[in-house]
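Shown next, in structure tokens, is the structure this report addresses.
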């Protein structure tokens, strides 16, 4: 009886490890290409302003699927999508504005802005482009905020480009819109994150 139980346990363990190995090997690790763009667009009562994220660290894993048959794309194909942006690498057109952005984002205590995908809510496909409605968690200045977004994904020549414009409020992250010159210059609460990120499928995991 003991030998029989040991054999059954061994078979269950073997099948479990085989299933786990197959699941891991079905994943595609995506690598961010160098020509990425992410811009923070804002405005004030005087003029518009913007700042660019020079560095974006990513972990993106998708389950393998036929990119030439995009209609087969489902929420289950998205395993992991994480972004991390070093605050120190966000630069505006002027040194003063750059310094203020770093200060208001509490760079010393919270050196990174992060995004983690939570759910894919819906996907619609038109040709080689998919419109993806998703939900994720943005952390800026140490504050988490669940955010809904609409992302355009274009699949072409073995790569995928995620692009879109995400409206946010500074006050959602406990950031008071900056003022200057005794309050005569006032930044608007509303900002837009404009992005275009191209990934190539670098390896299977």
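The values are calculated or read from the model by the stated rules, or taken from the named source; none is laboratory data. Treat the numbers as computed from the prediction; the structure is a model and nothing was measured. Ideal geometry is used to build each Cβ from the backbone, glycine not excepted, and the neighbour counts take in all protein chains shown.
Determine whether residue 149 is under 28 Å from residue 47 (Cα atoms), touching a strand residue (DSSP E or B) at 6+ places or on another chain (Cβ under 6 Å) and part of a strand (DSSP E or B).
When the stated conditions are applied, residue 149 passes them.
Please find, within the stretch 53-73, the residue that is farthest from residue 34 (Cα to Cα) out of those that are in contact (Cβ under 8 Å) with a residue 24 or more places away in the chain and not in a strand (DSSP E or B).
Only one residue fits best here, namely 71.
Kindly check whether there is at least one residue in the stretch 100-110 that is in contact with a strand residue (DSSP E or B) (Cβ under 6 Å, 6 or more places away or on another chain), loosely packed, with under 15 Cβ neighbours inside 10 Å and modelled with pLDDT under 95.
no
Here are 165, 119: which of them is touching a helix residue (DSSP H, G or I) at 6+ places or on another chain (Cβ under 8 Å), modelled with pLDDT of 95 or more and part of a strand (DSSP E or B)?
The conditions single out 119.
Taking the stretch 18-34 only, how many residues are in contact with a strand residue (DSSP E or B) (Cβ under 8 Å, 6 or more places away or on another chain), at pLDDT 85 or above and in a loop (DSSP other than H, G, I, E, B)?
1
Does the stretch 144-158 hold any residues that are over 18 Å from residue 123 (Cβ atoms) and at pLDDT below 95, and which are they?
157, 158
Within the stretch 171-205, can you find the residues that are at pLDDT 75 or above, under 18 Å from residue 99 (Cβ atoms), more than 20 Å from the chain's Cα centre (by Cα) and surrounded by 14 or more Cβ atoms within 10 Å (Cβ to Cβ)?
If the condition is that a residue be at pLDDT 75 or above, under 18 Å from residue 99 (Cβ atoms), more than 20 Å from the chain's Cα centre (by Cα) and surrounded by 14 or more Cβ atoms within 10 Å (Cβ to Cβ), then 175, 177, 187 are the ones that fit.
Could you list, in sequence order, all residues of the stretch 130-143 that are modelled with pLDDT under 95 and under 13 Å from residue 120 (Cα atoms)?
Result: 130, single match.
When you scan the stretch 74-85, how many residues do you find that are surrounded by fewer than 16 Cβ atoms within 10 Å (Cβ to Cβ) and in a strand (DSSP E or B)?
2
Which condition number does residue 88 fail, the rest of (1) assigned to a helix (DSSP H, G or I); (2) under 19 Å from residue 165 (Cα atoms) being met?
The number of the failed condition is (2).
Picking from 99, 124, which residue would you name as being in a strand (DSSP E or B), over 18 Å from the mean Cα position of the chain (by Cα) and more than 21 Å from residue 58 (Cβ to Cβ)?
Matching residue, one of 99, 124: 124.
Can you confirm whether the stretch 127-140 contains a residue that is outside any strand (DSSP E or B), crowded, with 16+ Cβ neighbours inside 10 Å and touching a residue at least 60 places away in the same chain (Cβ under 8 Å)?
Checking the stretch 127-140: not a single residue is outside any strand (DSSP E or B), crowded, with 16+ Cβ neighbours inside 10 Å and touching a residue at least 60 places away in the same chain (Cβ under 8 Å).
Quick one: in the stretch 44-63, which of the residues that are surrounded by 13 or more Cβ atoms within 10 Å (Cβ to Cβ) and over 24 Å from residue 88 (Cβ atoms) is modelled with the highest pLDDT?
61
Scan the stretch 90-99 for residues that are touching a residue at least 12 places away in the same chain (Cβ under 8 Å) and exposed (fewer than 15 other Cβ atoms within 10 Å of the Cβ) and jot them down.
93
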